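Every number in this text was worked out from the coordinates using simple rules, so none of it is lab data. Quick caveat: nothing in here was measured; it's all calculated off a predicted structure. Positions of Cβ are backbone-derived with ideal geometry, glycine not excepted, and every protein chain shown enters the neighbour counts.
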């Protein structure tokens, strides 16, 4: 009887060990994009909506909302960025959580900023593939609205800085411009053109409490700003 | 509950509401709006030294400067917030927030600015 119990115990332990080893040896890439998003990303990103409805929710937000990612991001950019993520908003998602008073002005407190996790190529492709299916707010997108065109960098900067004052919050090259908003010199590589048009037209429709003014960019200037972002994206700032 | 007691309770509740919402009676609280929308340029101390100012051609208004702020009427401040700096012959770097904030919220912000500067139009303390 005792011998049988010992055999059962050893068998059970072995089976348990084998099961555990099997789980650990399953390559991470076997996870679907949805698995990774739910396990690794949902702590900081809103995958289901709705957008923050209060300022408190805006201030607590840690990463961009992803429930309309399929209308927002370029898939190829997502796949590259997720493998080697670099900060897009110098002062974090809500700058107010990441600044402190300095001698001359408020400054970013780097100790409060967390690096974004990097994933493998296979995981990046899986995540990007799933994100492309997140198509909330499609009614705000007018497919094919943006028609490629040209604007000189100098004219684009004139519009962006002197005419509309956008430089106050956005960088147009590394180290030049405001820090509370996302950099725009990578915007054309990151974002789908029709999303850019829609978002600039009415940020509030995408993100009701966002700290970017709505209804500010004139309709006839929307494409010019998008042209400018394309021109910036072709510059080599390295 | 007698009507007198009820009225007293209602009055107390109303006063409590006034005390806890000094600058805004509708929508978000003025302080939270200021922290979210205004800090980025006007600074976490309201002194015009926000995190964004380094490359600005015109520096943001110091809202704690009573001498300067007392030269602005409440209507001027309301218009500058709602329609942007250009509407009051100031910088384009101050954008119009009328598309984001309600009139009630902007009125609340104007009252909050008076708290920051500890001043009124034509009268700095």
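Quick notes on this structure:
- C-alpha long axis of helix A:121-131 to longest principal axis of chain A, angle in °: 70
- Residue of A:165, A:96, A:144 that the Gaussian network model of chain A assigns the largest fluctuation, springs spanning Cα pairs under 10 Å: A:144
- B:41, A:41 arranged by Cβ crowding within 10 Å, fewest neighbours leading: A:41, B:41
- Angle in degrees between helix A:2-25 and the longest Cα principal axis of chain A, rounded to the nearest 10: 20
- For the range A:116-238, the C-alpha radius of gyration divided by 2.2 N^0.38 Å, with N the number of residues, is 1.12.
- Span from the the range A:145-219 Cα centroid across to the the range A:62-139 one, whole angstrom: 17
- Computed over chain A, relative contact order equals 22 percent, with contacts defined as Cα pairs under 8 Å that lie 6+ residues apart.
- Here residue A:233 and residue B:120 are evaluated by their C-beta separation; at R0 = 41 Å the FRET efficiency comes out at 0.25.
- Inter-probe distance in nm under a simple model that places probes 7 Å from Cα toward Cβ, at residue A:121 and residue A:44: 2.4
- With neighbour counts taken as other beta-carbon atoms within 10 Å, the residues A:122, A:104 rank, fewest first, as A:104, A:122.
- Distant alpha-carbon pairs in the range B:28-125 (separation over 21 angstrom), percent: 24
- Built from the Cα atoms of chain A, the convex hull projects on average onto 18.2 nm², one quarter of its surface area.
- The modelled label-to-label distance for the pair residue A:57/residue A:84, using points 7 Å beyond Cα in the direction of Cβ, is 3.7 nm.
- Compactness of the range A:104-156 as Cα Rg over 2.2 N^0.38 Å, two decimals: 1.93
- With Cα atoms, 0 to 90° folded angle of helix A:222-233 axis to chain A main axis: 60
- Tensor-based shape of the range A:50-179 (alpha-carbon gyration tensor, a/c under 1.5 rounded, otherwise prolate or oblate): oblate
- Sequence of B:64, A:130, A:112 once ranked by neighbouring C-beta atoms within 10 Å, starting from the fewest: A:112, B:64, A:130
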